[in-house]
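Throughout, read-outs are computed from the coordinates displayed, never taken from laboratory work. None of these values were measured; they are calculated from a predicted model. Using ideal geometry, Cβ is built from the backbone for each residue, glycine included, and neighbour counts are taken over all protein chains shown.
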Amino acid sequence: MIIVVGSINLDLIANVGRLPSPGETVRGSGFTTAPGGKGANQALAAARAGAKVRMVGAVGKDNFATEALALLVAGKVDLSGVGQSFASTGTALILVGADGENVIAVVPGANDSVLPGDLAKAFLAKGDVVLLQHEIPLQTVDAALDAARAAAAVTVLNTAPFRSEAAALLGKADYAVANETEFDLYGEALSLKGRDRPARMRDFAGKTGRTIVVTLGGDGVLAATPEDFLTVPALKITPVDTVGAGDTFCGYLAAGLASNLPLEQALTRAAAAGSLACLKPGAQPAIPLAADVDTALRNNAG
């Protein structure tokens, strides 16, 4: 079982020709809404990868809640751990440029009410994979890492969004997943040594005994374990929208680990899924099914 403790949002997405500069107004070409939130995105990705998934989080008592949960319901994610808050359902305001790049402002709302006491709804057991992010209170993330360790569960911590006060949590996770910008910032906060990113990754793995995974967008993925260093390519694509690609990667990685895949194979599969997620707009609607990933990997091998 994969237990996702994290955020649930409704994404409000505007398409623009180019992303605005500070103080600038640009004309939009389209507007859509879609379920989102890093926690919910990763839960759905793990479910579409074929895993059994339980979600622990919160939504508001408002009209956004039903839409925010719709694809998780359709994906048969166990939502018994999702509570209702008097705060509004979390929202993400997203601008997507014509080149596929984006800027995002997140309003946490009900996500800030996900507290350590809610972890009782996780029903953690030995062998579970616990997937976490930084869009809920960090005290809850910290408590979840401790609870998972006590239950002999495996932990995957996605370090997004960057929060300097969360730096110490990376070394508590079995697998920490960061994009290149986040890792560089955490590297400074943790005073990692090394002339380049791979060297600092090795320093992290050596000091903590944990695995650090760094996603590089179209350039693939790097991973440093205490014993090894891995480089995994991404699929060659022309991105439409990169929103949710990292979350898709994390969900598929968790599913691979839950299936006891070797790390390199789990990373390869996750990287392919993240690439495919860039071919459609939106976060959750773009997450590929396991069969799509299998096809892409076969075609890439040929």
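What the table below lists for this structure:
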read-out	value
Potential lengthening between residue 73 and residue 105 on full extension [0.36 nm per residue; Cα-Cα distance subtracted]	9.0 nm
FRET efficiency, 1/(1 + (r/R0)^6) with R0 22 Å, evaluated for residue 238 and residue 24 via beta carbons	0.25
Sum of -39500 (n - 2.57) over DSSP H runs of 4+, divided by residues of the chain (222 nm, nearest 500)	-10000 deg cm²/dmol
Loop-located trypsin sites (Lys or Arg not before Pro) in segment 146-215, at most 14 other Cβ atoms within 10 Å (DSSP)	193, 195
Mean Cβ neighbour count within 10 Å, used as a protection proxy, ranking 253-265, 221-233 highest first	253-265, 221-233
Estimated inter-spin distance, residue 98 and residue 123, nm [label 7 Å along Cα→Cβ]	5.1
Sites matching chymotrypsin sites (Phe, Trp or Tyr not before Pro) across segment 63-138 that sit in DSSP coil, with at most 15 neighbouring C-beta atoms within 10 Å	86, 123
Volume in Å³ per residue [convex hull over Cα atoms, computed for the chain]	129
Given charges at Cβ of Lys, Arg, Asp, Glu: segment 1-114 dipole, positive-most of 91, 26, 16	91
Entries in 38/207; 121/172; 52/236; 236/280 that, when Cα-Cα distance is taken, lie over 19 Å	38/207; 121/172; 52/236
Simple Cβ-charge dipole of the chain, Lys/Arg +1 and Asp/Glu -1, about Cα centre, in debye nearest 20	440
